[in-house]
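To keep things clear, I will list the structure first and then write my remarks on it.
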Amino acid sequence: MNIGLRNAVIYMFVLKVALSSNPWLDETTGLHDDHTHQEDCCVIAAIYSELRILAFARLGDEVWNNIRVPSKAYQDIIFHQDKLYAVDCHGSVVACDIDDDKSGGDGPSAKIFAPIPYEPPDYTQKYLVESSGDLLLVARTRGGEETEDGEVLNYYTIGFSVLKLEDRLG
């Protein structure tokens, strides 16, 4: 599969981006307000680098802020009920209150929200999904045809498992 150098660089450095809200939407009226926005109204979170690190920025920030996390190799992020959630390659879910950076100190850190529910195999891809107001952890089990040197030629989905996550952090 030839994805091209530019796409490879983008994939290597930015895996996923999530917005906390629509930056152009007035929350009181629900209407778009002609390209003006409050800098505090929207947070952009990202998974970046080959290590898949978590970072965030607010509109108007000039730099990204790393989030102190107990792990690396994050696969997915989502904003749910004003918090950022991330799942790592092992299936552990962390929650981060981005507003912790306003209180000074070392900035925001993430707390384990849901430990690894089971020992998922390396060939599962984890996703965080919101459905009917609930936060779900979806694990997609992949299969594939391998060459003699271990390169996977074709991925395909074998099945899914879905877990509902409950907030016990308060």
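The values are calculated or read from the model by the stated rules, or taken from the named source; none is laboratory data. Quick caveat: nothing in here was measured; it's all calculated off a predicted structure. Cβ atoms come from the backbone with ideal geometry, glycine included; neighbour counts cover every protein chain shown. What goes into the accessible areas is simple: the full protein's heavy atoms, side chains included, and nothing from ligands, DNA or RNA. Shrake-Rupley method; radii C 1.70, N 1.55, O 1.52, S 1.80 Å.
Of note:
- Considered as a group, the residues in segment 23-49 that are modelled with pLDDT of 80 or more and part of a loop (DSSP other than H, G, I, E, B) include one that is farthest from G91 (Cα to Cα), and that residue is C42.
- Within segment 50-66, the only residue that satisfies the criterion of being closer than 23 Å to A139 by Cβ and at pLDDT 90 or above is L54.
- Scan of segment 48-80 for residues that are of a type in the set (A, V, I, L, M), more than 13 Å from the chain's Cα centre (by Cα) and either within 22 Å of E130 (Cα to Cα) or surrounded by 13 or more Cβ atoms within 10 Å (Cβ to Cβ) (or both), ordered by number: A57, L59
- D88 vs. criteria under 21 Å from S20 (Cβ atoms) and either open to solvent by 70 Å² or more (accessible area, probe 1.4 Å) or modelled with pLDDT of 85 or more (or both): yes
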